[in-house]
1. Output the residues belonging to region 1-30 that are part of a strand (DSSP E or B) and either modelled with pLDDT under 90 or within 30 Å of Tyr164 (Cα to Cα) (or both).
2. Consider Met251 carefully, then state whether it is part of a strand (DSSP E or B) and either open to solvent by 90 Å² or more (accessible area, probe 1.4 Å) or at pLDDT below 95 (or both).
3. Does any residue in region 97-122 that is farther than 15 Å from Asn20 by Cα come within less than 8 Å, Cβ to Cβ, of a residue that is of a type outside the set (D, E, K, R) and open to solvent by 70 Å² or more (accessible area, probe 1.4 Å) six or more places away or on a different chain, and which pairs are these?
4. For region 81-95, state whether one or more residues are open to solvent by less than 60 Å² (accessible area, probe 1.4 Å), in contact (Cβ under 8 Å) with a residue 12 or more places away in the chain and touching a Leu at 6+ places or on another chain (Cβ under 7 Å).
5. From the residues in region 174-193 that are aliphatic (A, V, I, L, M) and buried (at least 18 other Cβ atoms within 10 Å of the Cβ), which one is modelled with the highest pLDDT?
6. Quick test for you: out of Asp174, Asp204, pick the one residue that is over 27 Å from Thr66 (Cβ atoms) and out of contact with any helix residue (DSSP H, G or I) (no Cβ under 9 Å at 6 or more places or on another chain).
Amino acid sequence: MVGDAANLPHFERLMSPFFNSRNNGIIYRHFLLKDRMTISAGVFNQWPGNGKNIGDGATTFTARITGLPKWENEGKTFMHTGIGVRYVEAENGVIRLRGKNESNISDNYVDTGNMNATHQWNVNMEQLWSLENFSVLMEYVHNWTATTDFGLEQFNGYYVTGSYVLSGEQRPYDKRAAYARRIKPTGKYGAWEVFTRFGKNDLDSRNIHGGINNRYNLGLNWWATQYWKAGMVYGISNLDKYGVTGITNSMQFRLQWIY
């Protein structure tokens, strides 16, 4: 992942079909070139906590390399790039990819259903350009699922987010974590941020028809303090599934405390 969701401009992660937000495991990190490059690797399993033995849960192996090819003016101008790999074993011979419409209270918009499979691979590419109070964040994931019925099926997703902080603050970059942190307002009236994002989840393949969801957002965040944030976002989703195209218009509001 490119960072904690609470610190990013958009409300929710669009590409939820391709990762677990929480898991149990061990991760190792190594820092190079005065913290301008990171190498990390980890192994994860749902045990303990899933009521099963450690051998019954699906094991996940991950690796990620990041770099800062550009770092100027004490971090006010920088370019972050990264690539990650994720291998996931099937649990009880089944893999399912599914994702909601950028809202935890919505139904799954894209859903492959249960696929008889042995494992899956993800390759993730990420890029963040920051020029003081303007930034562009991009992420792409490609998935290969080794099904036992149809062979190798491929899925993918991406998004591009643009952010501009009207009050002039910058989302700071944390070299030790290898991603950007939250905006910290400098004025007594907080920091205002406008953002836009477009992206897509494509869970259609040769034999699996999980749907294609295109999402477009325009939003406004108010960072009252470094711990309190309020925001609203207008979204349009175009879902193509089972030969039918559906359009969803949504307006979301959020007030959150970031610990």
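The values are calculated or read from the model by the stated rules, or taken from the named source; none is laboratory data. All figures in this text were calculated on a predicted structure; none of them were measured in a lab. Note that we place each Cβ from the backbone using ideal geometry, even for glycine, and neighbour counts take in every protein chain shown. All accessible areas refer to the heavy atoms of the entire protein, side chains included, with ligands and DNA or RNA removed. Shrake-Rupley method; radii C 1.70, N 1.55, O 1.52, S 1.80 Å.
1. Of everything in region 1-30, just one residue is part of a strand (DSSP E or B) and either modelled with pLDDT under 90 or within 30 Å of Tyr164 (Cα to Cα) (or both), namely Asn24.
2. When the stated conditions are applied, Met251 passes them.
3. Qualifying pairs under 8 Å: Asn116/Thr148; Ala117/Thr148; Thr118/Thr148.
4. no
5. Checked region 174-193; the qualifying residue modelled with the highest pLDDT is Ala191.
6. Asp204 is the lone residue from the list that is over 27 Å from Thr66 (Cβ atoms) and out of contact with any helix residue (DSSP H, G or I) (no Cβ under 9 Å at 6 or more places or on another chain).
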